[in-house]
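The values are calculated or read from the model by the stated rules, or taken from the named source; none is laboratory data. Not measured: the values here are computed from a predicted model. Backbone-built Cβ (ideal geometry, glycine too); neighbour counts: all protein chains shown.
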Amino acid sequence: MKKGSLSDIEVSNLYDDVCAIIEDTRYRVAVFVNSEACRMNWSVGMRIKEDVLHNSRAEYGKQVVRHLAEKLVGKYGNGWGFKKLQHCLRAAYTFSEDEIDYAVRRQLSWTHLRSLMFVENELARRFYMEMSRLEKWSTRTLDEKIDSQLYERTAISRRPEEIIKSELNTIKDTDRIHPDMVFRSSYFLDLVGLPDVFSENDLETAILNQIQQFIKEFGSDFAFVDRQKRIPVDGTVYKLDLLFYHRGLRRLVAIDLKLGRFKPEHEGQMLLYLRYLNSNDRKEGEEAPIGLILCSEGNTEHIEYLMLEEDSPVKVAQYYTKLPDKKLLSEKLQRAIAIAKEYQQNKKIEK
């Protein structure tokens, strides 16, 4: 090596440092551009909203937006067409300035916001916003969650409005997630290779063969721990189908697969598993284990009443191996929510 020349290690270190500077700057520029684009679109929508409200005529609003779009396209290109302005206007009607600022601070993109603004239920919209930034959902994943009615399938959607708001505020302020945000009344396990007639073992094997797809449906914070976990009690060895760990909840999650409907004895069996795990597998700093019983058939009232037990460590849900008809699913979810409201109303009367 000539005197004064750089060694391979020095060149490599210099290269790595320069790459790090470039990547960091590109990331910060992308974040800044996204933030300003979201604020710009919202501000455009607000300005149009002011004009439309001032003239207080719906037909005038459509005309002015179309005319404005034609002029903007002429100056700035097709990106500022009628549809874009409609999205800007809808954002202004949907989000407050504080909500937009919060969203961009959490690095949600305009595409995220565009999906969220079509969620009419304010609490559902807040749920999707918090889960998007907490689990770092892509816009495609967000659309899939909304389309599959994730919020309506969670236990939290059955709670009184003040409790839902409180839990959403807790997530926003502390990033601590409640089990009711995680566990659902139904899961879509569209598993390739599962035979038309299958056993619990077949289902378990299919889940493990497609663990990535399984975790995508359950939530990104799930991590696989064990299969057929041995639970020895009084000389009898039971076997728990699947054991996961949820990073956000900081607790073990026991999953038992059942063919057919939920039966009360299933809950007793799961409680035994949870007590064993709590005594023998729970590590320092973890919360108490929680269990999920997945049944292939839904007995709606049994499942819904169990989901309404806020402090119960056992959750019950139905799983689908084929995606159900959306209309049928919506009807079932509405029935479930009606049961929940009736239950909450009866509790108030009793008090």
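Select from the range 105-153 the residues that are more than 21 Å from Pro179 (Cα to Cα), among the hydroxyl-bearing types (Ser, Thr, Tyr) and in contact with a helix residue (DSSP H, G or I) (Cβ under 7 Å, 6 or more places away or on another chain) and list them in ascending order.
Residues satisfying the conditions are Ser109, Thr111, Ser115, Thr139.
Scan the range 108-117 for residues that are more than 16 Å from the chain's Cα centre (by Cα) and touching a residue at least 60 places away in the same chain (Cβ under 8 Å) and report the count.
Matching residues across the range 108-117 total 2.
Do we have any residue at all in the range 22-35 that's small (Gly, Ala, Ser), closer than 22 Å to Ser109 by Cβ and assigned to a helix (DSSP H, G or I)? Outline the logic, then answer.
Of the residues in the range 22-35, the ones small (Gly, Ala, Ser) are 30, 35.
Then drop every residue that is not closer than 22 Å to Ser109 by Cβ, which leaves 30, 35.
Retained after the next criterion (residues that are assigned to a helix (DSSP H, G or I)): 30, 35.
Scanning the range 22-35, I find at least one residue that is small (Gly, Ala, Ser), closer than 22 Å to Ser109 by Cβ and assigned to a helix (DSSP H, G or I), so the answer is yes.
Against the condition surrounded by 19 or more Cβ atoms within 10 Å (Cβ to Cβ), touching a residue at least 40 places away in the same chain (Cβ under 8 Å) and assigned by TED's automatic domain parsing to the domain that holds Glu287, how does Asp241 come out, does it pass?
On the way: surrounded by 19 or more Cβ atoms within 10 Å (Cβ to Cβ): yes; touching a residue at least 40 places away in the same chain (Cβ under 8 Å): yes; assigned by TED's automatic domain parsing to the domain that holds Glu287: yes.
Criteria met by Asp241.
Filter the range 82-137 down to residues that are of a type in the set (Val, Ile, Thr) and crowded, with 19+ Cβ neighbours inside 10 Å, then give me how many there are.
Our first condition is that a residue be of a type in the set (Val, Ile, Thr); within the range 82-137, this holds for 94, 100, 104, 111, 119.
After this cut, where a residue has to be crowded, with 19+ Cβ neighbours inside 10 Å as well, the list is 94, 100, 104.
Final tally of qualifying residues: 3.
Give the residues of the range 225-257 that are within 25 Å of Glu130 (Cβ to Cβ) and not in a loop (DSSP other than H, G, I, E, B), sorted by residue number. Please lay out each step first, then the result.
Of the residues in the range 225-257, the ones within 25 Å of Glu130 (Cβ to Cβ) are 244-253, 255.
Those that are within 25 Å of Glu130 (Cβ to Cβ) and not in a loop (DSSP other than H, G, I, E, B): Phe244, Tyr245, His246, Arg251, Leu252, Val253, Ile255.
Considering only residues that are over 16 Å from Ala103 (Cα atoms) and among the hydrophobic types (A, V, I, L, M, F, W, C), look in the range 20-34 and name the one that is modelled with the lowest pLDDT.
Here the answer is Val29.
Determine which single condition Leu6 fails, assuming it passes every other condition in (1) modelled with pLDDT under 90; (2) aliphatic (A, V, I, L, M); (3) over 36 Å from the mean Cα position of the chain (by Cα); (4) in a helix (DSSP H, G or I).
For Leu6, the exception is condition (4).
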